[in-house]
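Novice: Structure provided below as structure tokens; questions to follow.
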Amino acid sequence: MYKVGTPVEYQLTLFITGASHNSVRAINNIKFICEKYLHGNYVLEIIDVYQSPEIAYKEQITVLPTLIKGGHEPHKKLVGDLSDTAWVLKGLGVNFKDKE
């Protein structure tokens, strides 16, 4: 998995609203995608906007759930429950056909 000081290619932040149905689905879907396709080369932070509204405000999050891919590239935002695996992988820039 992730070791301190080890660079990772995928820095992901998932913004959710508590334990809503869509939030739970988004969490389960992104965890599945990360484990199957990113092979430990990621850091996933989950932020509940009810607990940390200031972070959502700073990141200009207006629709939830929202997944942000951070890092050195321009940030990418994916909105929804992340149930379309191919769409999520494409949005993250993952060539998933090579990883299946």
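Novice: Within region 12-30, restricting attention to residues that are among the aliphatic types (A, V, I, L, M) and buried (at least 16 other Cβ atoms within 10 Å of the Cβ), which residue is nearest to Leu67 (Cα to Cα)?
Specialist: From region 12-30, those among the aliphatic types (A, V, I, L, M) are 12, 14, 16, 19, 24, 26-27, 30; that's our starting set.
Now narrow it down to the ones that are buried (at least 16 other Cβ atoms within 10 Å of the Cβ): 12, 14, 16, 26-27, 30.
Values: Leu12: 7, Leu14: 4, Ile16: 9, Ala26: 9, Ile27: 10, Ile30: 9 Å.
Only one residue tops the list, namely Leu14.
Novice: Could you tell me how many of the residues in region 82-100 are buried (at least 18 other Cβ atoms within 10 Å of the Cβ) and at pLDDT 95 or above?
Specialist: 3
Novice: For a quick check of your reading of the model, give me the residue pairs whose first member lies in region 11-30 and is more than 11 Å from Gly80 (Cα to Cα), whose second is polar (S, T, N, Q), with beta-carbon atoms closer than 6 Å and at least 6 apart or on different chains.
Specialist: Short answer, once both residue conditions are applied: Thr17/Ser23.
Novice: Let me ask something else about it. Over 14 Å from the mean Cα position of the chain (by Cα) and either exposed (fewer than 15 other Cβ atoms within 10 Å of the Cβ) or at pLDDT 95 or above (or both): does that describe His75? Lay out the reasoning, then the answer.
Specialist: On the way: over 14 Å from the mean Cα position of the chain (by Cα): no; either exposed (fewer than 15 other Cβ atoms within 10 Å of the Cβ) or at pLDDT 95 or above (or both): yes.
So His75 does not fit the description; no.
Novice: Applying the selection to region 56-68, what residues are of a type outside the set (Gly, Ala, Ser), modelled with pLDDT under 95 and surrounded by 12 or more Cβ atoms within 10 Å (Cβ to Cβ)?
Specialist: Across region 56-68, the qualifying residues are Glu59, Ile61.
Each row is one residue, and each column tells you yes or no for (1) out of contact with any Cys (no Cβ under 7 Å at 6 or more places or on another chain); (2) in a loop (DSSP other than H, G, I, E, B); (3) within 16 Å of Asn22 (Cβ to Cβ).
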position	(1), (2), (3)
Glu35	yes, no, no
Ile55	yes, no, no
Leu67	yes, no, yes
Glu73	yes, yes, no
Leu78	yes, no, yes
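Yes or no, residue by residue, for (1) in a loop (DSSP other than H, G, I, E, B); (2) more than 21 Å from Leu92 (Cβ to Cβ):
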| site | (1), (2) |
| --- | --- |
| Val8 | yes, no |
| Thr13 | no, no |
| Ala19 | yes, yes |
| Ser23 | no, no |
| Ala26 | no, no |
| Asn29 | no, no |
| Gly40 | yes, no |
| Ile47 | no, no |
| Ile61 | yes, no |
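The values are calculated or read from the model by the stated rules, or taken from the named source; none is laboratory data. Note that the structure is predicted; figures quoted are calculated from it, not measured. A quick note on method: Cβ atoms are made from the backbone with ideal geometry, for glycine too, and the neighbour counts reach across all protein chains shown.
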